[in-house]
1. Show the residue pairs that are 6+ apart or on different chains and have beta-carbon atoms under 9 Å apart, the first residue being within the stretch 238-259 and closer than 10 Å to ASN286 by Cβ and among the basic types (Lys, Arg), the second being part of a helix (DSSP H, G or I) and open to solvent by 80 Å² or more (accessible area, probe 1.4 Å).
2. Scan the stretch 157-194 residue by residue and report those that are of a type in the set (Val, Ile, Thr), open to solvent by 30 Å² or more (accessible area, probe 1.4 Å) and within 24 Å of ASP96 (Cβ to Cβ).
3. Does THR246 qualify as being open to solvent by 60 Å² or more (accessible area, probe 1.4 Å) and of a type in the set (S, T, N, Q)?
4. ARG77 passes all but one of (1) among the basic types (Lys, Arg); (2) surrounded by fewer than 20 Cβ atoms within 10 Å (Cβ to Cβ); (3) touching a helix residue (DSSP H, G or I) at 6+ places or on another chain (Cβ under 7 Å); which number fails?
5. Would you be able to say whether some residue in the stretch 134-156 is buried (at least 24 other Cβ atoms within 10 Å of the Cβ), among the acidic types (Asp, Glu) and out of contact with any Pro (no Cβ under 6 Å at 6 or more places or on another chain)?
6. Return the residues of the stretch 81-98 that are more than 17 Å from ASN331 (Cβ to Cβ), more than 10 Å from the chain's Cα centre (by Cα) and crowded, with 24+ Cβ neighbours inside 10 Å; say none if nothing qualifies.
7. Restricting the search to the stretch 249-289, which residues are surrounded by fewer than 17 Cβ atoms within 10 Å (Cβ to Cβ), closer than 23 Å to ALA80 by Cβ and either modelled with pLDDT under 95 or β-branched (Val, Ile, Thr) (or both)?
Amino acid sequence: MSFIYQPLKPNIQKYSKPTMLCSTPCSLILLGTIFLALTFIYQSNAQLSSTFYSNTCPNVSSIVSNVIQQALQSDTRITASLTRLHFHDCFVNGCDASLLLDEGGNITQSEKNATPNNNSARGFGVVDNIKIAVENSCPGVVSCADILALAAEASVSLGGGPSWNVLLGRRDGLIANQSGANSSIPGPTESLANITAKFSAVGLNTTDLVALSGAHSFGRAQCRFFNQRLFNFNGKGNPDPTLNSTYLSTLQQKCPQNGNETILNNLDPSSIDTFDNNYYSNLLTNQGLLQTDQQLFSTNASSTISIVNNFANNQTAFFQAFAQSMINMGNINPLMGNQGEIRSDCKKVNGS
């Protein structure tokens with residue numbers, strides 16, 4: 001939404017010897033006050049818009065998609081990885097691309113080195129390539145935060161999932177929050193209650209939680225993120241009882257005790273790199289890879305169970321809910337107006 005300030009037209013009348021404390025200076029002060037008030041009202045009501053770059057960078061969506069398609073030729077995991085970056089960014093300080101900042105200058109602790117991201121989050125090089133391509137076409141216009149949002153939508157769409165109108169107009173943050181990343185990003189071994197609380201803390205509800213978990217329809221997870229389920233769940237010396245026995249045996253072979261914890265496993269073994277609703281069908285047969293996946297269906301009396309059943313039986317319902325939940329997540333505390341900046345390099349704050 002653009003704001004065009006138009007000066008008020010004075011109602012000119014003739015007065016004989018008007019009594020006034022001041023003339024021109026007061027008028028200027030009054031007009032200035034009105035302008036500041038209108039500007040404040042505009043900024044406080046400003047919203048993201050799908051047409052934000054219509055005039056300044058109309059081809060930004062296709063530029064982002066083209067770079068991702070090129071990356072897909074050599075990295076089939078990249079779509080899932082880019083979707084995850086947007087998620088991990090928005091849960092810390094809002095959707096401000098703070099996740100992308102490297103250590104250096106005033107950034108003493110990068111979110112990239114936080115526990116949920118270290119040796120796990122990936123795709124940063126592709127984000128840099130997108131930024132370079134966008135800057136070549138529209139220099140100094142598109143934020144890195146918006147690039148993450150656009151990349152997530154393009155990735156899901158390229159994987160066979162839904163498309164949606166990405167709301168744009170975010171600006172890039174000036175700080176990173178490693179401690180926030182450690183405390184705010186949901187972890188793969190947390191209880192459903194804890195995960196629900198973390199979603200609620202950023203304004204997302206139970207439907208958002210179940211729908212956004214469906215991003216695990218594609219991508220991989222290292223053994224270290226779920227091996228506690230395979231042999232010694234909750235320290236009781238036995239596997240997680242909610243794991244399908246056949247699936248358990250397969251996972252134990254891939255991730256043996258004291259084995260290589262970085263071995264990759266498909267989050268959805270039934271349709272590896274395709275974005276669909278098979279993720280939810282897997283939960284119905286106790287074949288969710290992560291604890292946080294399976295507990296959506298296996299937690300007694302949880303309100304998530306009916307949502308899982310609905311998405312498992314109705315892919316259209318899942319796609320619609322996922323698209324809306326991605327929009328909801330993209331609205332978490334965006335910087336707008338004069339807040340933050342438009343980084344020229346997503347890895348660092350301008351001038352650092």
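The values are calculated or read from the model by the stated rules, or taken from the named source; none is laboratory data. Please read these numbers as outputs of a predicted model, since none were measured by experiment. Quick reminder, even Gly has a Cβ in these numbers, built from the backbone with ideal geometry, and neighbours come from all protein chains shown. Surface areas here come from the heavy atoms of the whole protein model, side chains and all, with no ligands, DNA or RNA. Shrake-Rupley method; radii C 1.70, N 1.55, O 1.52, S 1.80 Å.
1. none
2. ILE175
3. Yes.
4. It fails just one condition, (3).
5. Within the stretch 134-156 (the criterion being buried (at least 24 other Cβ atoms within 10 Å of the Cβ), among the acidic types (Asp, Glu) and out of contact with any Pro (no Cβ under 6 Å at 6 or more places or on another chain)), the answer is yes, since at least one residue qualifies.
6. none
7. THR250, THR262, ILE263, PRO269, SER270, ILE272, THR274, THR285
Condition check ((1) among the hydroxyl-bearing types (Ser, Thr, Tyr); (2) touching a Phe, Trp or Tyr at 6+ places or on another chain (Cβ under 9 Å)) across all residues:
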| position | (1), (2) |
| --- | --- |
| ASN238 | no, yes |
| LYS254 | no, no |
| ASP268 | no, yes |
| THR274 | yes, yes |
| TYR279 | yes, yes |
| THR285 | yes, yes |
| LEU290 | no, yes |
| GLN295 | no, no |
